[in-house]
Amino acid sequence: MTVRKRKLKLLSETASTGTGRARFRKNENLELQTWSELPIELVEIIASRLSLEDNIRASAVCKRWHSAAVSVRVVNRAPLLMYFPKYGSLFEFYDPSQRKIHFVEIPQLIGSRVCYTKDGWLLLYRPKTFRVFFFNPFTQEVVKLPRFELNYQIVAFSCAPTSTSCMVFTIKHVNPTVVAISTCHPGAEQWTTVQYQNRLPFVSSIWNKLVFCNDLFYCQSLTGWVGVFNPHERTWSVLSVPPPKCPEKFFAKSWWKGKFMTEKDGDILVIYTCSTENPIAFKLDQRNMAWEELKTLDGATVFASFLTTHTNIDLPAIKRNSIYFSKVRFYGRQCISYSLVDGRYHPRNECHDWGEQDPFKTIWIEPPEDFSGFN
């Protein structure tokens, strides 16, 4: 090949490469231009579907994305751990995200026993007068219910008493094959009680666990069987799902006190604890009628107390895939938690026999979204 031909070939290859690079840069610029100039409404829709962590990352892309991400960002609030004093009216509220304790005087609750909490409302009972009522510690609102004796059973309600669909549910053991279910709602003049036959043995007591999920009340008995009450059809049934399988150590003295029950994304979760073993979490698989052991909570956090247990996601300064228990150490500076990912308690070696705690002393309660703090 002559020198002239070699030069022509090199010129041809250079021109071809230059055209390719130019075309690539043009396509790249077009793609970048397309992403940067997405309609702001579309960016908001995308950002609204992201988790809090991904929303924050998206807001760092550019000024337009930052504005869109912040406009739809929802920062969930962690529930507060409410302490009921043995005497007096000074209540404590522990904020696990800020690790602070707030003291609030609530004289309206003197002589009352807490039964349940949901949507920022407490359900309380006065044993001396059989008075049952709702109370909102953030707004000081009170909603009364007809008198009813609630000495040996647990109680739950479906939603805030300000809603027309609010229903209060309680179940009482009559014998191994019969339970008495009582219901009421704000504005009712009396409670309605009906006895139901159990298809499977269902032992009910104040140590049962209750949760409202998918418009149904789920109740776990002392021995781990699950009953379901449909408030619309007023039907009761015991699921043919054997109790979760735990090591023998979990069934020591007072083992039924160390159980917790909650709902997550329409699924029923239960947590079993033992002072000498790590907690075990299960999810109820109703399709296969079996309990599935969980190794992770899919980024969620469980706040466990004897009467009510909550599940939350995207909480600032709160560990994910963890269970926060109703006990605080180091003068209110740290809540005891257990990480399913790490497989240990935080702080380390803080295992406790949760069944030995007073079940009516503490309860997790969710503050409203616009709550800015106690005055």
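The values are calculated or read from the model by the stated rules, or taken from the named source; none is laboratory data. Everything numeric here is computed off the predicted structure, so don't read it as measured data. Please note: Cβ atoms are built from the backbone with ideal geometry, for glycine as well, and neighbour counts cover all protein chains shown. Only protein heavy atoms, including side chains, enter the accessible area calculation; ligands, DNA and RNA are left aside. Shrake-Rupley method; radii C 1.70, N 1.55, O 1.52, S 1.80 Å.
Listing for the model above:
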{"item": "Taking only Cα atoms of the range 70-133, radius of gyration then Dmax in Å", "result": "14.8, 51"}
{"item": "Entries of Lys144/Lys319; Lys86/Lys327; Lys144/Lys264; Lys172/Lys259; Lys144/Lys327 with Cα pairs more than 26 Å apart", "result": "Lys144/Lys319; Lys144/Lys264; Lys144/Lys327"}
{"item": "Cα convex hull of the range 126-177, projected area averaged across orientations, nm²", "result": "4.7"}
{"item": "DSSP-loop trypsin sites (Lys or Arg not before Pro) across the range 203-248, with at most 15 other Cβ within 10 angstrom", "result": "Arg234, Lys245"}
{"item": "Kirkwood-based shape ratio for the range 185-331, expressed as Rg/Rh from alpha carbons", "result": "0.98"}
{"item": "Mean Cβ count within 10 Å, highest first, over the residues of peptides 191-197, 90-96", "result": "90-96, 191-197"}
{"item": "Accessible area of the range 72-187 divided out per residue, in Å², using a probe of 1.4 angstrom", "result": "45"}
{"item": "The range 204-251: Cα Rg divided by the 2.2 N^0.38 Å rule of thumb", "result": "1.26"}
{"item": "Per residue, the convex hull volume that the Cα atoms of the range 127-258 enclose (Å³)", "result": "142"}
{"item": "Kirkwood hydrodynamic radius (C-alpha pairs) into Stokes-Einstein, the range 271-373, 4 °C and 1.567 mPa s, D in µm²/s", "result": "87"}
{"item": "Protection-proxy order for peptides 303-311, 80-88, 116-124, each taking the mean of Cβ atoms within 10 Å per residue, highest first", "result": "303-311, 116-124, 80-88"}
